[in-house]
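As structure tokens, the structure follows; a few thoughts come after it.
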Amino acid sequence: MKNITSGDSRKPHSAAIDVAGPGAWRDGFGTRSDGRNCHCVAMAGSLRDLKVWQEAVALGGEVLRVVRHCARRETKPATDALIITALAIASHIAEGYGRYTAPEQRQLYRAAKRELLRLETQLAILRHADLLSLAAHGDLLKRTHHVARLLAGYIVYLERQRASEDEDVTPARASAATATA
């Protein structure tokens with residue numbers, strides 16, 4: 001099994017480690033182009049094991065808890081938008097995890113990143129309007145930045161995995177082209 005880690009050799013990490021062999025095309029379902037199945041080791045056994053999703057869910061729960069205390073009739077549209085944004089972050093991550101192709105995953109993880117920026121903006125607006133205490137704002141902002149760092153790291157990790165897979169495929173194509181020439 002191929003062990004790809006970020007300096008840590010204790011366990012394999014991968015959203016899509018390919019041990020099918022160089023030059024084998026993968027359809028995202030663990031099937032090689034020659035019809036044989038490849039064994040893929042997931043970075044997380046399930047969505048619930050994915051740390052970035054866990055933290056995004058915790059952030060959404062914390063936003064709900066904090067906003068519930070400061071929600072008033074006249075501020076309901078702003079607090080509702082904040083809640084929807086917080087929920088969308090974890091939802092985009094979950095949906096991205098469930099996709100089979102790298103472009104779809106990337107698109108959804110980037111959507112989650114945009115939602116994090118939107119949440120940060122909405123928190124700043126609520127704080128500026130004195131609808132959110134300084135302590136609550138600081139705590140939520142800290143959690144938001146933590147999720148953003150985890151998500152950015154996960155996106156970089158997936159990109160490196162894809163680049164590694166592309167490197168494995170490219171030499172096989174070059175040797176096949178040389179052999180046929």
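Convex hull volume per residue, computed on the Cα atoms of region 47-161, equals 86 Å³. Each residue of region 115-130 was assigned a 3J(HN,Hα) from its phi angle through the Karplus expression (A = 6.51, B = -1.76, C = 1.60, θ = phi - 60°), giving 5, 5, 5, 5, 4, 4, 5, 5, 5, 5, 5, 5, 5, 5, 8, 6 Hz with x at Gly and Pro.
Taking K and R as +1 and D and E as -1, what net charge do the other residues with C-beta under 11 Å from the C-beta of V147 add up to?
Spelling it out: positives minus negatives among the neighbours equals +1.
This model, with +1 at the C-beta of Lys and Arg and -1 at the C-beta of Asp and Glu, gives region 47-161 a dipole about its Cα centre of some 40 debye. Around G96, what is the net charge, scoring Lys/Arg as +1 and Asp/Glu as -1 over all other residues with Cβ under 10 Å from its Cβ? After counting each charged neighbour, the total is +1.
FYI, it's all coordinate maths here, none of it is from the lab. Everything quoted here is computed from the prediction, not taken from an experiment. So basically every Cβ, Gly included, is an ideal-geometry build from the backbone, and we count neighbours across all protein chains shown.
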